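Report on the structure given below.
Please treat every number below as a calculation from the coordinates, not as lab data. Since the model is a prediction, treat every value here as computed from it, not as a measurement. Glycine gets a Cβ as well: all are built from the backbone with ideal geometry, and neighbour counts include every protein chain shown.
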Amino acid sequence: MSEEKEILILAIESSCDETAAAVVKNGRDVLSNVISSQIDLHTLYGGVVPEIASRKHIEKINQVIQAALDEAEVTLSDIDAIGVTYGPGLVGALLVGTASAKAIAYASKKPLVGVHHIEGHIAANFIEHKELEPPFFSLVVSGGHTHLVRVNDYGRFDIIGRTRDDAAGEAFDKVARAIGLGYPGGPKIDKVSKQGNPDAIAFPRAHMEDAPFDFSFSGLKSAVLNYINGCRMKGEAYSQADVAASFQKAVTDVLVEHAMHAVEEYHMDKFAIAGGVASNSALREAMAKACAERKIKFYYPSPVYCTDNAAMIGVAAYYEYRNGTRHGWNLNAVPNLKLGER
């Protein structure tokens, strides 16, 4: 496919609690990126309520799509293809996005390109790092996923390591709730940790003997809960900031150690982080330091491209479109879609 022709992708993302749409040009230039967040609504319940998320997507999605087209100063006739997240995620939420994308693609006679949500997170790095090209290694850390991925080419991946239980972001949310910070846990723990001592409490770091690149955070989460309960049973006060900082350091240490092990094992000189937890300041600093020590180029997206957004889906959809990926009107939501599945 010729590089000269401008390819405009209208992208839709609705896998969790953000209703988002974007227009992306040639896989690297974001012309618009509109996000309608439900975070205030779900904070009332201490986490995302799937049924509420689905209903809100239905209310917002048409407005968000129109806003993305308006902001990009284009019409549907200018668009070359419709990209949409079809998994993984909350099934009801995904259905709203896929149904909207199919309807628009059908009515406008545009190609439909389904995108894997994790592929989108990895692709977010291409937006601000124009020089970044595969192959490289990526660590995807979010509320639902912790993956170590070898990016062989655009849209071509090998998962080298994954979590055996809780995702890193899930552990952040559960620990934040336990120490009284509430939802969303990641940003609140990041903020409070700055006042704490990361070496105050020795929380465990899990290692898998049979799979050195895999992760496990359930033991760490349990250790934090046991520490808090122990303090309460003895009538002792504990420092919220110290618990947050020590927990955050335990997560960060494991993520950095496994990532650097993988990069060295596979002889990669480029490494990127992605996903909501990739905006964590302690993780960014630790990864930057570890990469600098090994002379590895380190990439990460701005916070707005770390959390769920449609711009990253537009980038991934562009490369899938160029690879010849097309989906039919039977495209369905796949809540447990595996990376690399077609």
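Distance between the C-alpha centres of region 19-90 and region 155-230: 29 Å, rounded to the whole angstrom.
What number, in percent, do you get for the relative contact order of the chain if the mean sequence gap of Cα pairs under 8 Å and at least 6 apart is divided by its residue count?
Numbers: 760 pairs, mean separation 85.1, N = 342.
Reported as a whole number, the value is 25 percent.
Within the chain, antiparallel bridges make up roughly 60 percent of the DSSP beta bridges whose residues both belong there.
To make sure I understand, if each residue's beta carbon is the centre and we count other beta carbons within 10 Å, what order do F157, F126 fall in, fewest to most?
Ascending number of Cβ neighbours within 10 Å: F157, F126.
R0 = 25 Å: FRET efficiency of R205 with C231, Cβ-based, nearest 0.05? Walk me through the numbers on the way to the answer.
Working: r = 21 Å, r/R0 = 0.86.
Efficiency computed from Cβ-Cβ geometry: 0.70.
I want to make sure I understand the PRE zone here: with the label point 7 angstrom from the Cα of R294 toward its beta carbon, which residues in region 151-195 have backbone N atoms less than 15 Å away? Answer for region 151-195: 151, 160-161.
Whole-percent P(r), region 111-198, all Cα pairs, 5 Å bins from 0: 3, 12, 18, 18, 16, 14, 11, 6, 2, 0, 0.
Kindly state, to the nearest 0.05, the FRET efficiency for A67 paired with R177, given R0 = 25 Å and r defined as their beta-carbon distance. Mind dumping the intermediate values first?
Working: r = 33 Å, r/R0 = 1.32.
Once the sixth-power term is evaluated, E becomes 0.15.
Reported to two decimal places, what Rg/Rh ratio describes region 249-342 when computed on Cα atoms with Rh from the Kirkwood expression?
Rounded to two decimals, Rg/Rh equals 1.05.
Spin-label model, Y106/D40: points 7 Å from Cα along the beta carbon direction are separated by 3.5 nm. Applying D = kT/(6 pi eta Rh) to the chain, where Rh is the Kirkwood radius over alpha-carbon pairs, T corresponds to 10 °C and eta to 1.306 mPa s, the Stokes-Einstein value obtained is 78 µm²/s. Size descriptors for region 218-294 (Cα atoms only): Rg and Dmax, in that order, 15.9, 51 Å. Helix 91-108 and the long axis of the chain differ in direction by around 20°, with both axes built from C-alpha atoms.
For region 110-175, applying the loop criterion from DSSP together with a ceiling of 15 other beta carbons within 10 Å to the trypsin sites (Lys or Arg not before Pro) yields K130, R164.
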